[in-house]
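Here the structure is laid out as structure tokens; the discussion comes afterwards.
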Amino acid sequence: MSASPKEQPSGKPARPAGGLWGGRFDRAPDELFYEFQRSFAFDRRLLPYELAVDRVWAGALESAGILTVEEMGDTLAALDKIAERAANGPEWLDASPAEDVHHFVETALVEYLGPLGFKLHTGRSRNELVATDFRMFVKEAARETRAAVARLIAALVGQAESSLGVAMPGMTHMQHAQPILFSHFLLAHAEAFFRDTVRLEAAAAAADACPMGSGALAGCALDVDRAAIARELGFSRPTANSLDAASDRDFALDYLYALAVIATHLSRLSEDFVLFASQEFGFVVLPDEFSTGSSLMPQKKNPDAWELLRGKTGRVTASLHTLLTTLKGLPSSYQRDLQEDKEPVFAAHDQAVAMLTVAAGAVAATRPNEARMREAASDPALLATEAAHYLARKGAPFRHAHEIVGQIVREGERQGKSFSALPLETLRKFSPLFGDDFYDALNLEAALSSPDVDGGTAPGRVREAIGAAKRRLAALGVKA
């Protein structure tokens, strides 16, 4: 390896004969193979973490007597120059022929320091380096995604608070079932995303162990303090086994699983809003800023934001399957297949954060069509369960009450009217328990107030749930 690769006649930077593995090879890698096996195009994203690890490792080498205090200082200064140059001149990275991010930094160090630049790699392997960099990325990525999830929850809670009192038909099997509050519906989705924050925390915790000091597989031959290295890099602990540390990617799977579940929750939310925006439902008014029109039909306003969110879910889920498939046949220790671990994680992370951001904006900008929702929720058919509860409170076993109400619903259909419009004498043919107070029990407000339990749709309970969600958001550092 040379400090500054010379230009070939083609104008491309020369490739070092042995890459990072030195004198074992007489000939340079095949040009096509070299490009095929390069990862710098995507693992350059790990450069900030690589430089952080390099700074700490320089201190560890000084403590182990490999670097003098002066050499350590020169190395740290060079690492700072690399960071500054990379931040201010991305074209420098674009033009680099480096095999990977580790090769890039070492080449730059040699450019600045000469032979001293090679000393930083003493006692360590790229296997532990990439594992450490990747864990640092996942920890930070999980925090970023959790913040994006919290912002979406805040949008849902804010919409729930502003829409408190708006009734809608709750559905099972896509059939109208019982009246609920629109706020209750929104908080149901918020609960799913609250669970996602727990999964993200678990993924970050799984990544919170430092592989540095593990070597390629057997451990470090130098007298380094692994616990101190872990602390300086922001880890809670060092990894427990050097062989496992080189190949463990469970933390990446955990993160991808968390992202896949988030995407699934986003897809379900999207499906609801796509349906609610249709003319058949008409429950919500699509915001202009998160909708598109038709190139042919002037009247159209399409729920493209929600449709794209629903569609992009497949990308995130595919990333989880990609890494699972990569890992499934690998033997112990590091294998080059593991180079394929980062791209699916990077792609899924970027996609999920973008999806969450768009969803939060769309939720906040959407407005419920209160009149249409209330009309649909006021359908007497949705009060059949209340009728069964009425009979149960009068002493009928619920199964009998259920059957009786089913019979009067069918009788109403025969007569071409709602069961709630049947006269009392007709109702008493089915059960003597029906009284004059039956009709008072059959109204929308009574049905909404009836499930007055923790987690129910009664207005008071929903109001309490909004307050509880705000407190949970505050614990996540977000104000609703």
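So the values come out like this:
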| item | result |
| --- | --- |
| Cα-based equivalent ellipsoid, the range 113-228: semi-axes from gyration tensor eigenvalues, Å | 52, 14, 10 |
| 3J(HN,Hα) from dihedral phi, the range 420-428, Karplus parametrisation 6.51/-1.76/1.60, rounded to Hz, x for glycine, proline | 6, 9, 5, x, 4, 5, 5, 4, 6 |
| Percent of beta bridges antiparallel (DSSP, the chain, rounded to nearest 5) | 90 |
| For the range 119-127, Karplus couplings with θ = phi - 60° (6.51, -1.76, 1.60), whole Hz, Gly/Pro x | 6, 5, 7, 4, x, 9, 10, 5, 4 |
| Largest-first principal axis extents of the Cα set of the chain (Å) | 101, 54, 40 |
| Solvent exposure of the chain as accessible area per residue, Å², 1.4 Å probe | 47 |
| With every protein chain in place, the chain: carbon and sulfur % of accessible area (1.4 Å) | 53 |
| Alpha carbon centroid spacing (whole Å) that separates the range 237-288 from the range 169-216 | 8 |
| Gyration tensor over alpha-carbon atoms, the range 412-480, equivalent ellipsoid semi-axes in Å | 42, 12, 8 |
| Relative contact order of the chain, pairs being alpha-carbon contacts under 8 Å that are 6 or more residues apart, as % | 16 |
| Around residue 324: net Lys/Arg minus Asp/Glu count, Cβ-Cβ under 13 Å | -3 |
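The values are calculated or read from the model by the stated rules, or taken from the named source; none is laboratory data. Values in this document were obtained by computation on a predicted structure and should not be read as measured data. Neighbour counts run over all protein chains shown; Cβ positions are idealised from the backbone, glycine included. Please note that ligands, DNA and RNA were not included when accessible areas were found on the heavy atoms of the full protein model with its side chains. Shrake-Rupley method; radii C 1.70, N 1.55, O 1.52, S 1.80 Å.
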